[in-house]
Amino acid sequence: MYRQRHSPTHTYTTHRQRLTLTAAVLLLPLAAACGSERADGEQPGSGAVSAEQPVTGVRWNVDSVTVDGTTHRAPDGAHVEIRDGKAAGSYGCNNFTAKAAVEGDSIRFSDARSTRMACAAQPMDFERTLAGTLAEGALSTEVDGSTLTLATADGDQVLLSRK
């Protein structure tokens, strides 16, 4: 078997080159990301970061649904969480899942599926109202602190909060 001998200087240089190359590969994506965040009206590289809060990755408790000017209070436990293109939660009694497409300041739920447990009349009425509102099509999203408002094109709204 043939073995190549390396001098200590050559081994040190090769090790140093590998270390430098490894550091460059690891740090290059980080350097490219620095300064790319910007707030509304800020120029790239200004160092400002947008304060916009995310809609996804948060457990949002449903507080109420307003349809045709009438506000319906949510039963305890009604919530939704949007993550990785999917939504999951509870209408108040029944659990549900759906596809969730978030684009800019709007969200669209589709292909909703839910359990079919029998509940008291009031939660069932609320569930139908909430499910129908979420299925309206593209909903505009507005996050204000710990509150999320989803609104239909007709002005119906779902008010949610994180606690």
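The values are calculated or read from the model by the stated rules, or taken from the named source; none is laboratory data. These numbers were taken from a predicted model, which means no experiment stands behind them. All Cβ positions, even for glycine, are placed from backbone atoms using ideal geometry, and neighbour counts span all protein chains on display. Side chains are part of the model used for accessible areas, which takes the heavy atoms of the whole protein and leaves out ligands, DNA and RNA. Shrake-Rupley method; radii C 1.70, N 1.55, O 1.52, S 1.80 Å.
The candidates Arg59, Arg162, Arg116, arranged from most to least accessible area with a 1.4 Å probe in the full protein assembly, appear as Arg116, Arg59, Arg162. Which net charge results for the neighbourhood of Ser146, defined as the other residues with beta-carbon distances under 12 angstrom from its beta-carbon, given Lys and Arg at +1 and Asp and Glu at -1? Around Ser146, the charge tally is +1. Fully extending the segment from Thr115 to Arg162 would add 14.5 nm, taking 0.36 nm per residue of separation and subtracting the current Cα-Cα distance. Extension gain, Asp63-Asp105: 0.36 nm per intervening residue step, less the Cα-Cα distance, totals 13.1 nm.
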